Amino acid sequence: MPLLPARLSQAEVVSAYRRIAPLYDRWAYLTESRARRRAVELAAVRAGESLLEVAVGTGLLFRDLVARNPDGRNAGVDLTPAMLERARRRVHGMPARNVELRQGDAFALPYADGAFDLLVNAYMFDLLPEGDFVRVLAEFRRVLKPGGRLVLTNMAQAERLGERFYETIYRLNPAWMGGCRGVALAGPVAAAGFTGVRRERLSQMGFPSEIITAVK
Ligand SMILES: C[S@@+](CC[C@H](N)C(=O)[O-])C[C@H]1O[C@@H](n2cnc3c(N)ncnc32)[C@H](O)[C@@H]1O
């Protein structure tokens with residue numbers, strides 16, 4: 001099934017998420033909390049490792065990663081300062097020694113090759129043009145060590161009638177969905193050179209998510 005086109009430019013993403021930031025956590029709790037929990041389980045953080053979350057948003061998932069890795073390196077980037085600010089507040093005071101949150105772009109991550117054991121990314125590809133998926137995934141692969149693990153979660157394409165509700169909203173006005181539409185990432189992840197690609201799918205309040213795991 002063809003994907004709906006991405007409709008927000010990077011500048012529009014930053015301004016949309018500046019507006020959405022104060023309300024974001026409620027929406028995320030209602031529709032995506034189960035998928036985030038599953039992503040954390042599948043990430044299976046090994047204490048002391050180096051991990052990176054790209055597009056940390058308000059830090060909902062990042063907090064759970066940091067909690068499992070108090071002695072390791074915990075890095076997070078996001079394009080939108082208003083979202084990052086909330087992530088900073090969320091992890092402030094956690095008993096973790098090495099937490100770095102900075103503004104950064106998934107297309108050009110500010111890290112050396114092979115810097116991380118684990119890279120996690122949630123609900124960001126939903127916003128990107130399909131033609132950019134493999135390029136961004138190759139950038140994720142670049143910063144992972146050989147054998148490094150990738151865990152992605154994103155809005156999935158609708159398969160049931162109830163799930164089409166969100167696509168309808170997106171078609172009416174993509175900004176009402178924060179620019180997110182359903183995508184399918186298993187193919188692009190393999191095309192970017194990852195191996196052992198696995199996919200799970202779940203639905204919460206009729207909102208479909210997929211969780212992809214793979215290895216460099
Ligand atoms: C739907 S939110 C998801 C936030 C968080 N990952 C979560 O699961 O709650 C999308 C986030 O992706 C960020 N984002 C979009 N494009 C990005 C890019 N090219 N690089 C880094 N972050 C980006 C936005 O700023 C926003 O915080």
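If the chain linking residue 113 and residue 47 were pulled fully straight, counting 0.36 nm for each residue of separation and taking away their Cα-Cα distance, it would gain 21.6 nm. Panel order for 211, 20, by other beta carbons found within 10 Å of each beta carbon, from fewest to most: 20, 211. Computed over neighbours whose Cβ is under 13 Å from that of residue 77, the net charge equals -3, Lys and Arg +1, Asp and Glu -1. Spacing of the modelled spin labels on residue 88 and residue 33, each 7 Å from Cα toward Cβ, amounts to 2.7 nm.
Spin-label model, residue 195 to residue 138: label points 7 Å out along the Cα-to-beta-carbon direction sit 2.0 nm apart.
Residues considered: 26, 142, 201. Largest GNM mean-square fluctuation over the chain, using C-alpha springs under 10 Å, is found at 26. In summary, segment 10-215 shows an alpha-carbon radius of gyration equal to 0.95 times the 2.2 N^0.38 Å reference for compact globular proteins. Using a cutoff of 8 angstrom between alpha carbon atoms and counting only pairs six or more residues apart, the relative contact order for the chain works out to 23 percent.
Throughout, read-outs are computed from the coordinates displayed, never taken from laboratory work. All values derive from a computational prediction rather than experimental measurement. A quick note on method: Cβ atoms are made from the backbone with ideal geometry, for glycine too, and the neighbour counts reach across all protein chains shown.
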